[in-house]
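The values are calculated or read from the model by the stated rules, or taken from the named source; none is laboratory data. What you see is a predicted model, and the numbers here were worked out from it, not measured in a lab. Quick reminder, even Gly has a Cβ in these numbers, built from the backbone with ideal geometry, and neighbours come from all protein chains shown.
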Amino acid sequence: MKFFIDTANLDQIREAQDLGVLDGVTTNPSLMAKEGITGRNNILKHYVAICNIVDGDVSAEVIATDYEGMIKEGEELAELHDQIVVKIPMIKDGIKAIKYFSDHGIRTNCTLVFSAGQALLAAKAGATYMSPFIGRLDDISTDGLNLIAEIRLIYDNYGFETQILAASVRHTMHVIECAKIGADVMTGPLSSIEGLLKHPLTDIGLAKFLEDYNKGN
Ligand code: E4P
């Protein structure tokens, strides 16, 4: 399972990269705005800065919602760095754009996926990644993890190569459940990755080992 971090914060990206288990980064316009990154040029520079920190794929989202606009913007993003994956919304023109990029060797991440039908379309169009938003489904009392399981079944039935990128991960249990279901990738906050480290018996055991060592030294 690949671990992506879902942020545009360079310090957090560095911290996750330093841990040695990071496979990539996802961003979206809201995450860029949260870091105060505004204006086309600054946004493009920020994507390059992220690519220079991580060894892995960096999703950069288009703002256009029409086919021609997405193609123009996506090609510009893809030219920035070979780690860039063009993030395209799950809308009709988005599916057409994903098909275009797939035919032209540009990798894509189909975003804002909330149903198995949408996931099927994204795979048919040739998306590299497809992002179901599990946390946002949970927020409206719908089982986000169940959607991941449905998509896993469908993709396995037909051998689709599109990778299931579990997005809108909110906490560590989401990560573990996604791993059990077989999501190819998860993207979440740094806390969802660092939460995997924690167990009180580890802390108690380590304290005891050190205490016993110090008794004899
Ligand atoms: C990532 O690709 C998504 O944009 C992100 O995970 C959405 O997360 P949120 O629902 O916490 O905003």
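Would it be correct to say that residue 161 is among the charged types (D, E, K, R) and either part of a loop (DSSP other than H, G, I, E, B) or modelled with pLDDT under 95 (or both)?
On the way: among the charged types (D, E, K, R): yes; either part of a loop (DSSP other than H, G, I, E, B) or modelled with pLDDT under 95 (or both): yes.
The answer is yes for residue 161.
May I ask you to list the residues in region 19-64 that are charged (D, E, K, R) and within 11 Å of the ligand (Cβ to nearest atom)?
34, 61
Suppose we keep only residues that are buried (at least 18 other Cβ atoms within 10 Å of the Cβ) and not in a loop (DSSP other than H, G, I, E, B) within region 164-180. Which one would you say is farthest from the ligand (Cβ to nearest atom)?
177
Can you pull out the residues in region 86-121 that are hydroxyl-bearing (Ser, Thr, Tyr) and under 28 Å from residue 145 (Cβ atoms)? Lay out the reasoning, then the answer.
The initial filter retains those residues of region 86-121 that are hydroxyl-bearing (Ser, Thr, Tyr), namely 100, 102, 108, 111, 115.
102, 108, 111, 115, listed by residue number.
Of all residues in region 86-137 being among the polar types (S, T, N, Q) and assigned to a helix (DSSP H, G or I), which is surrounded by the most Cβ atoms within 10 Å (Cβ to Cβ)? Walk me through how you get there before you give the answer.
In the first step, residues of region 86-137 are kept if they are among the polar types (S, T, N, Q); the result is 102, 108-109, 111, 115, 118, 128, 131.
From what is left, the residues that are assigned to a helix (DSSP H, G or I) are 102, 118.
Details: 102: 16, 118: 19.
The residue in question is 118.
Any residue that is more than 12 Å from the ligand (Cβ to nearest atom) and without any contact (Cβ under 8 Å) to a residue 12 or more places away in the chain - is there at least one of those in region 114-121?
Taking region 114-121 as the starting set, the residues that turn out to be more than 12 Å from the ligand (Cβ to nearest atom) are 115-121.
From what is left, the residues that are without any contact (Cβ under 8 Å) to a residue 12 or more places away in the chain are 117.
The answer is yes; a qualifying residue exists.
Would you say residue 204 is part of a helix (DSSP H, G or I) and either in contact with an Asp or Glu (Cβ under 8 Å, 6 or more places away or on another chain) or under 22 Å from residue 25 (Cα atoms) (or both)? Steps first, answer last, please.
Details: part of a helix (DSSP H, G or I): yes; either in contact with an Asp or Glu (Cβ under 8 Å, 6 or more places away or on another chain) or under 22 Å from residue 25 (Cα atoms) (or both): no.
Considered against the rule, which asks whether it is part of a helix (DSSP H, G or I) and either in contact with an Asp or Glu (Cβ under 8 Å, 6 or more places away or on another chain) or under 22 Å from residue 25 (Cα atoms) (or both), residue 204 comes out as no.
Are there any pairs, at least 6 apart or on different chains, whose C-beta atoms fall under 6 Å, with the first in region 186-205 and touching a residue at least 12 places away in the same chain (Cβ under 8 Å) and the second assigned to a helix (DSSP H, G or I) and buried (at least 16 other Cβ atoms within 10 Å of the Cβ), and if so, which?
Pairs that qualify, where the first residue is touching a residue at least 12 places away in the same chain (Cβ under 8 Å) and the partner is assigned to a helix (DSSP H, G or I) and buried (at least 16 other Cβ atoms within 10 Å of the Cβ), are 186/175; 186/178; 190/12; 190/16; 192/172; 192/175; 195/172; 196/172.
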